[in-house]
Amino acid sequence: MIFVFTALTSLKAYGQSTQFSLEKKPVWEAGLGVGYLSGIDYPGSKDPNTAQFALPFFIYRSSIFRVGDGGVGAVAVEEPRLKLDISLGGALNAEPEPDSVRAGMPDLDLLFGFGPRLQYKFLRKSWPNGSRSEITWDTKLRAIFSTDFESLQTRGFVLSSGFGLRQKDIIKDKVDFIVNADISFNDQRFNDYIYSVPAEFATDTRAAYTAIGGYTETRVFVGLALKPQPKLRIFTGLGLFNYKNSANEQSPLFETNSSVQYAVGVVWSALQSKQTIDVYSSD
């Protein structure tokens, strides 16, 4: 990918300027988050899936345990360049439309996953205008579960890996620019849940199919993080997804090689502890 090549070649030019420092953050924060998500039912689907939400949130930080600050769980390693912790992810539930390729098949339940995340920071550099650059390699392995809120099912594993660029404090400390590029692989059990067509659901236009594990998608995400006030944050971003050469392109439930998805959210940190904790950040 072009972005990955650019990120790696940047190391040669700027590697000697890498600097690390500690940033003080509240031990805990509480507030309200609202947002809008526009996506699709699953990779390769054409059916839109949108959601609006307004939820309370809570963040807790300690040297060995974090909740709601980009992950949940134990922080096994946290060094200036390297971090190993637990991350969370999820996907919205999906009900087939009457004219969709999944018509007559069971709904896709709410999906969520958790597992180890390894981050390595190649570059942290401060610029004369006060902005800061950070390039990170990020790899996640998550165990996936589905639930209809009455039962819980295991659905296999997802592995993703990629690079991220974050340009911080573009306008004083008010604006950050974010670019991520990553690639994902699903094991057979997860793909079976998404792409398989059991014989009992086969029709004249939907052949029976058994999914296989393998490559699923490549994603490029471009976003902005705005902080107009100390306790108010606004996030917006656009994701470009490519599914060409996916392991299950031949599934009758696979409809398209690409999609565009976007999200916007607002977080108000109404309450913050006076006690702080030092976490690694750029100078």
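Computed from the coordinates by the stated procedures, all read-outs in this text should not be read as laboratory data. Only a predicted model underlies this, so the values are computations on that prediction, with no experimental measurement involved. For neighbour counting, all protein chains shown are included, and Cβ atoms are generated from backbone atoms with ideal geometry for every residue, glycine included.
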Pull out the extension gain between Ile64 and Leu152, defined as 0.36 nm times the separation in residues minus the alpha carbon to alpha carbon distance; nm, one decimal. 28.8 nm
So what does log10 I(q)/I(0) come out to for the range 153-283 at q = 0.21 Å⁻¹, using the Debye formula with one equal point on every Cα and no solvent? -1.21
In degrees, nearest 10, the alpha-carbon axis of helix 2-14 is tilted away from the dominant principal axis of the alpha carbons of the chain by 20 degrees
Can you give the Rg to Rh ratio for the range 216-270, taking only C-alpha atoms and Rh from Kirkwood? 1.23
Once you compute Rg and the Kirkwood Rh from C-alpha atoms, what is the Rg to Rh ratio for the chain? 0.99
Take every Cα pair under 8 Å in the range 2-281 that's 6+ residues apart, average their separations, divide by the length, and report that relative contact order as a whole percent. 21 percent
Above-threshold pairs, the threshold being 31 Å between Cα atoms, out of Lys46/Lys83; Lys25/Lys121; Lys140/Lys227: Lys46/Lys83
The chain: longest segment with zero exposed chymotrypsin sites (Phe, Trp or Tyr not before Pro), where exposed means DSSP loop plus at most 15 other C-beta atoms within 10 Å, is residues 150-283
Phi to ³J(HN,Hα) by Karplus 6.51 cos²θ - 1.76 cosθ + 1.60 over the range 242-249, Hz, x for Gly, Pro: 10, 10, 4, 6, 4, 4, 10, 4
GluC sites (Glu not before Pro) restricted to DSSP loop in the range 117-211 with at most 15 other C-beta within 10 Å: Glu150
In whole Hz, with x marking every Gly and Pro, tabulate ³J(HN,Hα) for the range 263-279 from phi via Karplus 6.51 cos²θ - 1.76 cosθ + 1.60, θ = phi - 60°. 8, 9, x, 10, 10, 10, 8, 5, 10, 9, 6, 6, 5, 10, 9, 8, 10
